[in-house]
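No value in this document is a laboratory result; all are computed from the given coordinates. In this text, all values refer to a predicted model and were calculated from it rather than measured experimentally. Neighbour counts run over all protein chains shown; Cβ positions are idealised from the backbone, glycine included.
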Amino acid sequence: MTWHPVPGHIQTRWARDVSPQNAWPEYPRPQMTRPEWLNLNGLWEYWITDRSGENVRQEGEILVPFPMESALSGVKRPLKPDELLWYRRTFSVPAEWRGRRVLLHFGAVDWETVVWVNGHEVGRHVGGYLPFWLDITDALRDGENVLTVRVWDPTDTHWQQRGKQVLKPRSIWYTAVSGIWQTVWLEPVPQTYIASLRVTPDVDAEAVRVQVSMAGANPSAVRMCLRVWDGGTPVAEGEGNAGAEVVLSIPRPKLWSPDSPYLYDLEVTAGEDRVGSYFGMRKFSVEGGRLCLNGAPLFQFGPLDQGYWPDGLYTPPTDEALRWDVELMKRLGFNMVRKHVKVEPARYYYYCDRLGLIVWQDMPNGGKPVGDVTSVIATLAGLRRRDRNYRYAGRADSASREDFHRELREMVDALYNFPSIGMWVVFNEGWGQFDAAEIADWLKAYDPTRPVDHASGWFDQGGGDCKSLHVYFKKLPIIRPEEHRAVVLSEFGGYSLKVDGHLWNPKAEFGYRKFRSSEALTEAYLALLENELRPLIEAGLSGAVYTQLTDVEMEVNGYVTYDRAVEKMDLERVAAAHRRLLGEFTAGAQRV
């Protein structure tokens, strides 16, 4: 059977570069690198059964790592809640890996995953957004090995954390994804090996703190050596026992910022294992009701980014496409992006680190659907303004709340080392929101290096580091910072323009204010910045997020079309206006 993308919708220009031979060939983990690895992306067998695992309903070949519902997968079919998705492929372990342990990595699989190697179950994972790995050494055999993966994904019929995925897309809710949607890969490690790093820059102390977790045989006996490099020149070195925090002095550090995204290289050696990484010296804080970077107020301005693609859905068609989105935001003059209810592949954050873009990272939302009528009644009656009523939030099942806590912790662990992450956003617009102030307190204690927006829009509980507003249907209000919390406009705008020939659904159009020409849209947008956003900045607004970077399915309110082919505004004028706003704030802050 020959793979080909399924037609029917628009696609990006990068889709033509995708083939079974080059599906995401890039090394997937820039924060902890080893030289040897084996990419398992490409064509896999797949079949779909009922929940019993019997009664095959469809089968064929699928291109990993594209989700089954995407055109680039070659399948483009929804996975129903009463179905299981199965994958299978064979692989051989390189002969030079003999005598070492072999780890099997998944960048992300949505949602409940079971993995077998040669018929032996080697592990399970629950959650649709985060990487996980399994030690499969004891299940391997000489020659060809068989890898089998089973996935169940009930999407919005369940309480799982799912972002904007729904089985019946409409307005601001998009096509669901199921199964493997990031790179699958193998790597060899010694019998005792480095499992993770936790790297904390300490700008005030002119130091970086590194904690190394080990796994395998007798990990506590391993001695570690750490080295920091500045452009090829060694600048710091330290030793310590596994699990202990090692503090490395970085005198007169070169600070990371969007204008100067400087990164240091880090090398960690532990016994026979060695990994490479990097870090940025920077400090995020809230001081005097302002968001600050490296101790100075910084107005943070950027777009809402859903991370959807018409051809790959959650999975960009190529690494070049992924980087293009980050470069577009830099070209637009932004210094920040809000990554909306989705966690991206590690390489996305790597490009934000390298190119200089602060990321406000959302936790994907979840909770059992409560229906539009119940939601409206709860909102109007104030039943969710104090967010302890779990039933009205779709969180009556304690498993849903426990899973949210677990996945939030795992998200922070997975993204902690990326210097570009400058804000954690816990809940959005009351979607499944519960105990937000208490969760923010926990999160601030777990990661004291970043501010927390505990409730973006709607149900502010007075917690976290931000009073976070969404304003679409009225003039932006004049607001002033609180004593201990910054005020941020975490969503606004959403001006829309349909561009024929570049629409996901020509019969649907969702936006908050509609325009019929690029010229009219550009003028209205520039007027919004000048007449409404500028006064807020002068009054003490700390950050603003415009909706949104690209069109997405039925939403046509992007700076560019969904296929990234048409610039819907005069982006040169737009970028100049953005740079003026940011430049004027910086100059004003320096005068203060």
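Can you give me the relative contact order of the chain as a percent, contacts being Cα pairs under 8 Å and 6 or more apart? All intermediate terms of the calculation are to be shown ahead of the outcome.
Values: 1438 pairs, mean separation 76.1, N = 592.
It comes to 13 percent, rounded to a whole number.
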Checklist entry - Rounded to the nearest 0.05, what FRET efficiency do Asn55 and Val114 have when you use their Cβ-Cβ distance and R0 = 25 Å? => result 0.85
Checklist entry - What list of ³J(HN,Hα) couplings, whole Hz, do you get for the stretch 395-407 from phi and the Karplus terms 6.51, -1.76, 1.60, once you set θ to phi - 60° and write x for glycine and proline? => result 10, 4, 6, 4, 4, 5, 5, 5, 5, 4, 4, 4, 5
Checklist outcome for this item: By the Cα gyration tensor axes a ≥ b ≥ c (a/c under 1.5 gives rounded; else a/b larger than b/c gives prolate, otherwise oblate), the shape of the stretch 432-573 is prolate
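Which whole-number value in Å³ per residue fits the convex hull of the alpha carbons of the stretch 13-189? Don't jump to the answer; show the numbers that get you there.
Numbers: hull volume 23.3 nm³, N = 177.
It comes to 132 Å³ per residue, whole-number rounded.
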Item to check | Interatomic Cα distance distribution for the stretch 194-282, bins of 10 angstrom, percent | outcome: 17, 51, 25, 6, 0
Checklist entry - In whole angstrom, how far apart do the alpha carbon centroids of the stretch 163-237 and the stretch 315-385 sit? => result 20
Checklist outcome for this item: Beyond 22 Å (Cα-Cα) in this structure, taken from Lys76/Lys164; Lys514/Lys568; Lys475/Lys514; Lys342/Lys507; Lys368/Lys467, we find Lys342/Lys507; Lys368/Lys467
Checklist outcome for this item: Quick P(r) readout (the stretch 42-144; Cα-Cα; 10 Å bins; whole %) gives 13, 42, 34, 10, 1
Checklist entry - Calculated from DSSP H runs of 4 or more alone, at -39500 (n - 2.57) each and per residue, what is the 222 nm mean residue ellipticity of the chain, nearest 500? => result -5000 deg cm²/dmol
Checklist entry - Kirkwood hydrodynamic radius of the stretch 132-180 from all distinct Cα pairs, in Å? => result 13.9
Checklist outcome for this item: Residues whose built amide H sits under 5 Å from the amide H of Asn335, excluding neighbours closer than 5 in sequence, are Phe301
Checklist entry - Taking the Cα centre of each part, how many Å lie between the stretch 254-303 and the stretch 1-68? => result 34
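Report the gain in length on full extension from Asp265 to Asp441: 0.36 nm times residue separation, minus Cα-Cα distance, nm rounded to one decimal. Show your work: numbers first, answer last.
Working: separation 176, 0.36 × 176 = 63.36 nm, distance 3.23 nm.
Gain in length upon complete extension: 60.1 nm.
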Checklist outcome for this item: PRE zone check, label point 7 Å out along Cα-to-Cβ of Glu245, amide N under 16 Å, scope the stretch 207-237, hits 207-213
Next on the checklist: Can you order the peptides 485-494, 16-25, 306-315, 229-238 by their average number of other Cβ atoms within 10 Å per residue, highest first?
Outcome noted: 306-315, 485-494, 16-25, 229-238
Next on the checklist: Test of understanding: what is the full-extension gain from Glu144 to Leu383, defined as 0.36 nm times their sequence separation minus their Cα-Cα distance?
Outcome noted: 80.2 nm
Item to check | Reachable lysines from Lys283, criterion Cα separation under 16 angstrom, eight or more residues apart if same chain | outcome: Lys254, Lys444
Checklist outcome for this item: Residue-ordered couplings for the stretch 208-222, obtained by feeding phi - 60° into the Karplus form 6.51 cos²θ - 1.76 cosθ + 1.60 and rounding to whole Hz (Gly and Pro as x), are 10, 10, 10, 10, 10, 9, 10, 9, x, 7, 6, x, 5, 7, 7
Next on the checklist: With 22 Å as the cut-off, how large is the P(r) tail for the stretch 119-275, expressed as percent of Cα-Cα pairs?
Outcome noted: 62
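Output the antiparallel fraction of DSSP beta bridges having both residues in the chain, as a percent to the nearest 5.
On the way: 95 of 130 bridges.
DSSP beta bridges in the chain are roughly 75 percent antiparallel.
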Item to check | Projected-area average for the chain over all orientations - Cα convex hull basis, square nanometres | outcome: 26.5
Next on the checklist: Along each principal axis of its Cα atoms, how long is the stretch 1-97 end to end? Whole angstroms, biggest number first, please.
Outcome noted: 42, 36, 28
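First measure r as the distance between the Cβ atoms of Glu36 and Lys474, then evaluate 1/(1 + (r/R0)^6) with R0 = 60 Å and state the FRET efficiency to the nearest 0.05.
Details: r = 57 Å, r/R0 = 0.95.
With R0 = 60 Å, the Cβ-Cβ based efficiency is 0.55.
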Checklist entry - If you count, for each residue, the other Cβ atoms within 10 Å and average over each peptide, how do 162-169, 96-103 line up from highest to lowest? => result 162-169, 96-103
Checklist entry - Listed highest first by mean packing, meaning other Cβ atoms within 10 Å per residue, what order do 377-390, 426-439 come in? => result 426-439, 377-390
Item to check | Relative contact order for the stretch 194-282, counting Cα pairs under 8 Å that sit 6 or more residues apart, in percent | outcome: 30
Checklist entry - Residue by residue through the stretch 460-476, which ³J(HN,Hα) values in whole Hz follow from phi under the Karplus form 6.51 cos²θ - 1.76 cosθ + 1.60 (θ = phi - 60°), with glycine and proline marked x? => result 5, 9, x, x, x, 10, 9, 8, 10, 10, 10, 9, 10, 9, 8, 4, 4
